[in-house]
1. Please pick out the residue among GLY47, GLY32, GLY11, GLY62 that is crowded, with 18+ Cβ neighbours inside 10 Å and under 18 Å from ILE135 (Cβ atoms).
2. Test LYS153 against the stated conditions and say whether it is among the basic types (Lys, Arg) and under 20 Å from VAL266 (Cβ atoms).
3. Working carefully through the options VAL107, VAL126, VAL136, find the one that is farther than 30 Å from SER208 by Cα and more than 18 Å from the chain's Cα centre (by Cα).
4. Is it the case, given these coordinates, that ASP100 is part of a helix (DSSP H, G or I) and more than 20 Å from SER23 (Cα to Cα)?
5. Restricting to region 234-266, and then to whatever is among the small types (Gly, Ala, Ser), without any contact (Cβ under 8 Å) to a residue 60 or more places away in the chain and not in a helix (DSSP H, G or I), can you tell me which residue is surrounded by the most Cβ atoms within 10 Å (Cβ to Cβ)?
6. For region 171-226, give me the residue count where each residue is in a helix (DSSP H, G or I), of a type in the set (Val, Ile, Thr) and farther than 20 Å from LEU31 by Cβ.
7. Kindly indicate which of SER176, SER168 is free of Cβ contacts under 8 Å to residues at least 40 places away in the same chain, on the phi < 0 side of the Ramachandran plot, of a type in the set (S, T, N, Q) and surrounded by fewer than 13 Cβ atoms within 10 Å (Cβ to Cβ).
8. Restricting to region 34-51, name every residue that is among the hydrophobic types (A, V, I, L, M, F, W, C), in a loop (DSSP other than H, G, I, E, B) and either under 11 Å from the mean Cα position of the chain (by Cα) or under 11 Å from ILE65 (Cα atoms) (or both).
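The values are calculated or read from the model by the stated rules, or taken from the named source; none is laboratory data. The model shown is predicted, which means the values in this text are computed figures rather than measured ones. FYI the Cβ positions are ideal-geometry reconstructions off the backbone, even for glycines, and counts take in every protein chain you see.
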Amino acid sequence: MNPNKALWEKGDFTQIAQTMRESGAALVAQLGITEGLKVLDLGCGDGTTAIPEAKLGATVLGVDIASNLVEAGNGRAKAEGLTNCTFQEGDATDLHDLKDQSFDLVVSIFGAMFAPKPFDVAREMVRVTRPGGRIVMGNWIPGDPTLVAQILKISSAYTPPPPEGFISPMLWGVESHVIERFEQAGVAKENITFLKDTFTFNTSYPPSEYVNKFKNYYGPTMNAFEAAEKNGKAVELQQELEVLFNSQNKSTDKNKTSISVNFLRVTITR
């Protein structure tokens, strides 16, 4: 079984996703989505980009490995009255129940990058995209000074080393790795373009409370705190994260948080 299932079902990513809604919708608005477009949203969570895609008239299938997020996504779609948006469980490394060339657009914003076997992920995304269609990925950038790369860097310092053969998801944020993966899936290098973009997390509460959301609901940070507790370093980890969140907060209201994060936007033309 894909080990990511346990990781992403561990907490409740909807608590983090709620702070990503505005930027999710803004990003989708740039994708040229039109009525009736068939969209696969891969690693969709509870629909941060899938729901806005459906609101623009696309027929959207959201696929995620975490059953709790699939359930939450279907609940959101129903509450919005969106009959053109459904969510189902699936593994980005093996989309065996999806037919070849069945989508006009495949979108994965900070989703498929976390799946193991990145070459399989690239192959499957290409396989299900029709000729003339597009793939759009949003991937965090390794070593970037902004929030997410730093959360993962800090968290990794408190957790045991990953198993042998582990491939960092952050390599999806390196252009040469993206090119290699998609070239092996049959995409010509000239059909791959890159844009360094930003994504903003907005909350109605202060940075210290936002840290606690990550501590209690975000799988990788939950694991870091569990390991830190065993080593008597939980307070140290909490302090390190609070310094990070406070330093990156751009909100002028001390009771709110607004943090912009760099990411690599990848566009593949089939």
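1. After ruling out the rest, the residue left standing is GLY62.
2. Working: among the basic types (Lys, Arg): yes; under 20 Å from VAL266 (Cβ atoms): no.
The answer is no for LYS153.
3. Values: VAL107 fails: more than 18 Å from the chain's Cα centre (by Cα); VAL136 fails: more than 18 Å from the chain's Cα centre (by Cα).
After applying the criteria, what remains is VAL126.
4. Numbers: part of a helix (DSSP H, G or I): no; more than 20 Å from SER23 (Cα to Cα): yes.
It is false that ASP100 is part of a helix (DSSP H, G or I) and more than 20 Å from SER23 (Cα to Cα).
5. Taking region 234-266 first, the residues among the small types (Gly, Ala, Ser) are 234, 247, 251, 258, 260.
Restricting the remaining residues to those that are without any contact (Cβ under 8 Å) to a residue 60 or more places away in the chain gives 234, 247, 251, 258.
The next check asks that each one be not in a helix (DSSP H, G or I); those that pass are 251, 258.
Details: SER251: 14, SER258: 17.
If we take residues in region 234-266 being among the small types (Gly, Ala, Ser), without any contact (Cβ under 8 Å) to a residue 60 or more places away in the chain and not in a helix (DSSP H, G or I), then SER258 is surrounded by the most Cβ atoms within 10 Å (Cβ to Cβ).
6. To start, the set of residues in region 171-226 that are in a helix (DSSP H, G or I) comprises 171-173, 175-184, 189-191, 207-217, 219-226.
Going one step further and asking which of them are of a type in the set (Val, Ile, Thr), we end up with 178-179, 211, 221.
If we keep only those that are farther than 20 Å from LEU31 by Cβ as well, we get 179, 211, 221.
Final tally of qualifying residues: 3.
7. Details: SER168 fails: surrounded by fewer than 13 Cβ atoms within 10 Å (Cβ to Cβ).
That would be SER176, the only listed residue that is free of Cβ contacts under 8 Å to residues at least 40 places away in the same chain, on the phi < 0 side of the Ramachandran plot, of a type in the set (S, T, N, Q) and surrounded by fewer than 13 Cβ atoms within 10 Å (Cβ to Cβ).
8. CYS44
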